[in-house]
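To start, the structure under review is shown below, and the notes come after it.
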Amino acid sequence: MTDLSNASSGPSGELPPLPADVVPIVALRNVVLFPGIVLPVTLGRQESIAAAQDAVRTGRKVGLLLQRDPALEKPAASDLYDVGVLATVVRYITGNDGAHHLVCQGESRFRLAQMVREQPFLAARVESIAEPQATGADIEARREVLKERAVEALSLLPQAPAELVRMVRGIESAGQLADLIVSFMEVKAGEKQDVLETVDLRERLDKVMKILTHRLEVLKVTREIAEQTQAALGERQREAVLREQLHQLQKELGEGEGEGSEFAELDRAVEDAHMPPDVEEQARKELNRLRRMSEASPEYGMVRTYLDWLVALPWSKSDAEDIDIERARKVLEEDHYGLEKIKRRILEYLAVRKLNPHGRSPILCFVGPPGVGKTSLGQSVARALGLKFVRASLGGVHDEAEIRGHRRTYIGALPGNIIQGIRKAGTRNPVFMLDEIDKVGASFQGDPASALLEVLDPEQNSTFRDNYLGLPFDLRHVLFIATANVLETIPGPLRDRMEVIQLTGYTDEEKLEIARRYLLPRQLEANGLEGAQVQIADAALLRIIHEYTRESGCRNLEREIGALLRSAAMRIAEGKASAVRFEGENVPEVLGPARFENEVAQRTSVPGVATGLAWTPVGGDILFIEAARLPGTGKLILTGQLGDVMKESAQAALSLVKAQAEELAIDPQLFDRSDIHVHVPAGAIPKDGPSAGVAMYVALASLLRRQSVSPDVAMTGEISLRGLVLPVGGIKEKTIAAARAGIRKVILPARNRRDLEEIPASVRATLQFVWVEEVSGALEEALGSPADARKSPGRGPGDAQRTAA
């Protein structure tokens, strides 16, 4: 707050003081002050602040005028109304935020006579307008009517203070009454200004009466609308209470739930579901709660949805299993080519299930690269058994509620994927496939893999409890089959509950047979073609397999076949041909140049390059180990984004070569004045593992002896500093990849001979296997020297061919 002594003179301090008959003018936006009324005014413009401070400092009254256009920032004399109010400054307040506030009390009306100053603030000479003192019966009558209507209007405003009503009743001056009423009414500033400019008392009372009468009608209509709304709400509440009373009366009389009523239908549904006793007890308890609820209750819908889930689940409904081993074998043969070991294991499972229907069945887990037929195997099992098939994809699931469901307290809660799949199947013994179980993730919302422990444990899943149901559901009769690409990402306890069946990649011969039997007919149908219209020769299919796809499965092969058929379909649709046949030489015309080529001979044609074998999550592959020698100080340089284990293998290989330098006819001084650089191409792909040790040893020996490795030789195996070749994993996938890449001889650890039976017969017929126990044997075989390593016969009793549709 500022007072006379502390008020700043502002810009006006440098000007001569105002004459005695001149007052500072403050222009107002949308605010009209009447005589006798105290009103706070917020000042925002510098001119208004300077005028108010001058009035405070000099003790003058201030003139308040309404501006015609509220949007004007700096109004002139012509932009203001001529009639305003002289006011006394009661208080001048400066807020903490820098805002200026003026509390004024209106004294009298005035008319603008002459504007004498516009800078730094407005100042003018004014003519005071005296308040008329007219009396008479008509004035008194108008005053009383105005007073009654004002009191009536205040009674319609619940927030109106009682002191205002007493003030209105106590005013005897008609002019003061009119000014007081119009100042507190919610009317436009222009209407208030019109009343302010009306000096004649009778005319002023009539104008205020007209405004007040209109406002009174608006308040009455508003009150009626509010009362009608309240009455409607009250009627609904009354109806709900009466309906509940009627329901209770009907219940006492045994009436009200006829054959077609909602509750009677729910009661029959609960009875027909043949639930276990504890589940039926809970269902009837919830049904009784539903009967007592009003349909308008928010919980009514939640209870009704819960009951719908309970009666929809197949608590006792089972499909009859028709296990015919011969028919099951026929179905598996129709749907899949090859995969003899997997088919045999599935038939064994079905045989045990037929002889012991109530025994605990193992949980099967098919593990293999993408596109080898894991999901379709589960569908074939369901078809062989005559059971429903349900699939739940677990890839990317990171919320435990996706398995166990949400609790009913949450809005929009639902059971988990397990219970939803059971309801979808409509039977309690479907074939339930848990797809991509290796891609389940954990987060702050829980670990779905841990929730699956109960689902896949035959000792626990007889009482599986979904969070939404809150009741046990028996999963013992469900035939669970899981699929995964890799085992490493599956938690140990979960992996321990499943019987793992490995599926490997296909050989070229198997892919050719799959393309003939399954892929080509399927793509012909998808593209609207018939077998007589388009033919693809075996040479064309083999060229696609060798030069346009390099995968363990057959998905890309099917896409490329589809591309050929679409090209043929366009030619047939355009009328350019009635039938199309693709030979091997026609493939590049549609698919473009070859994407893959046999580069083994080219890469290993110089010393220092060896071909290794690698295992990947999508099957086997070949990799090249390149070594180079350059002048230096004996450092080992490793590139190709190698992991720690692979770096240690390279260091062990170099140490072994140094230790055997004399035996290998290598000058030992060569290591001191040279740096050795080992690089594994495809540097964008991370690589790790110990199985490249033999290939690194051979590459280094080849470099330092200046001898090239045979181009048709590939190798794998871990090495020790004593020169031993240690066993490694993934032999089956690696040898398939070697055959696919054109390798003719593979060098393998002797202790991996046990894996020979796992290798497909077609691959065993193609490759020559050399089993070595020490690196010396591998080196002699790779560099073309006479080998004394034990060799396998190359051909022998092998597995039957296998494939998947």
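The values are calculated or read from the model by the stated rules, or taken from the named source; none is laboratory data. Bear in mind that the values here come from a model prediction, so they are computed numbers and not experimental data. Note that we place each Cβ from the backbone using ideal geometry, even for glycine, and neighbour counts take in every protein chain shown. Accessible surface is based on the protein model in full, side chains and every heavy atom, while ligands, DNA and RNA are left aside. Shrake-Rupley method; radii C 1.70, N 1.55, O 1.52, S 1.80 Å.
What do you reckon, is Ile490 in contact (Cβ under 8 Å) with a residue 40 or more places away in the chain and within 15 Å of Gly396 (Cα to Cα)? When the stated conditions are applied, Ile490 passes them. The residue that is surrounded by the fewest Cβ atoms within 10 Å (Cβ to Cβ), among those in segment 318-340 that are within 18 Å of Ile422 (Cβ to Cβ) and touching a Leu at 6+ places or on another chain (Cβ under 7 Å), is Glu321. Checked against the criterion of being in a helix (DSSP H, G or I) and under 15 Å from Gly416 (Cβ atoms), the candidates Ser450, Ser462 yield just one match: Ser450.
A single member of Asp474, Asp466, Asp447, Asp457 is open to solvent by 40 Å² or more (accessible area, probe 1.4 Å) and touching a residue at least 12 places away in the same chain (Cβ under 8 Å), and it is Asp447. Can you find, within segment 713-734, the residue that is least open to solvent (accessible area, probe 1.4 Å) among those that are under 29 Å from Cys554 (Cα atoms) and out of contact with any strand residue (DSSP E or B) (no Cβ under 6 Å at 6 or more places or on another chain)? Taking the candidates together, the pick is Ile731. Screening the candidates Ala382, Ala425, Ala442 for the property of being closer than 16 Å to Ile363 by Cα and at pLDDT below 90 yields one hit, Ala382.
Rundown of residues vs (1) surrounded by fewer than 18 Cβ atoms within 10 Å (Cβ to Cβ); (2) in a loop (DSSP other than H, G, I, E, B); (3) modelled with pLDDT under 90, yes/no style:
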position	(1), (2), (3)
Asp621	no, no, yes
Glu626	no, no, no
Lys658	yes, no, no
Asp667	yes, yes, yes
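In segment 215-236, the residues that are modelled with pLDDT of 75 or more reach residues that are surrounded by 10 or more Cβ atoms within 10 Å (Cβ to Cβ) and in a helix (DSSP H, G or I) with C-beta atoms within less than 7 angstrom, at least six apart or across chains, in these pairs: Arg215/Ala153; Leu216/Arg149; Leu216/Glu152; Leu216/Ala153; Leu219/Ala153.
The sole residue among Trp309, Trp315 that is on the phi < 0 side of the Ramachandran plot, in a loop (DSSP other than H, G, I, E, B), open to solvent by less than 80 Å² (accessible area, probe 1.4 Å) and in contact with a helix residue (DSSP H, G or I) (Cβ under 8 Å, 6 or more places away or on another chain) is Trp315.
Residues in segment 419-437 that are farther than 17 Å from Asp474 by Cβ, part of a helix (DSSP H, G or I) and open to solvent by 10 Å² or more (accessible area, probe 1.4 Å): Lys424 alone. Condition (residue is within 19 Å of Met498 (Cα to Cα), among the aromatic types (Phe, Trp, Tyr), open to solvent by less than 20 Å² (accessible area, probe 1.4 Å) and part of a helix (DSSP H, G or I)) applied to segment 341-358: is it met by at least one residue? Scanning segment 341-358, I find at least one residue that is within 19 Å of Met498 (Cα to Cα), among the aromatic types (Phe, Trp, Tyr), open to solvent by less than 20 Å² (accessible area, probe 1.4 Å) and part of a helix (DSSP H, G or I), so the answer is yes. Among the residues of segment 130-145, those that are among the hydrophobic types (A, V, I, L, M, F, W, C) and either open to solvent by less than 70 Å² (accessible area, probe 1.4 Å) or within 14 Å of Leu177 (Cα to Cα) (or both) comprise Ala134, Ile139, Ala141, Val145. Restricted to strands (runs of 3 or more DSSP E) entirely inside segment 28-96, those with at least 1 residues that are open to solvent by 50 Å² or more (accessible area, probe 1.4 Å) are 38-43, 83-94. The set of residues from segment 175-214 being open to solvent by 20 Å² or more (accessible area, probe 1.4 Å), without any contact (Cβ under 8 Å) to a residue 12 or more places away in the chain and outside any helix (DSSP H, G or I) comprises just one member, Lys188.
Residue by residue, here is whether (1) within 60 Å of the chain's Cα centre (by Cα); (2) polar (S, T, N, Q) holds:
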{"position": "Glu127", "(1), (2)": "no, no"}
{"position": "Ser173", "(1), (2)": "no, yes"}
{"position": "Lys210", "(1), (2)": "no, no"}
{"position": "Leu216", "(1), (2)": "yes, no"}
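Given (1) within 11 Å of Leu613 (Cα to Cα); (2) outside any strand (DSSP E or B), identify the lone condition not met by Val709. Evaluating Val709 over (1) within 11 Å of Leu613 (Cα to Cα); (2) outside any strand (DSSP E or B) leaves (1) as the failure.
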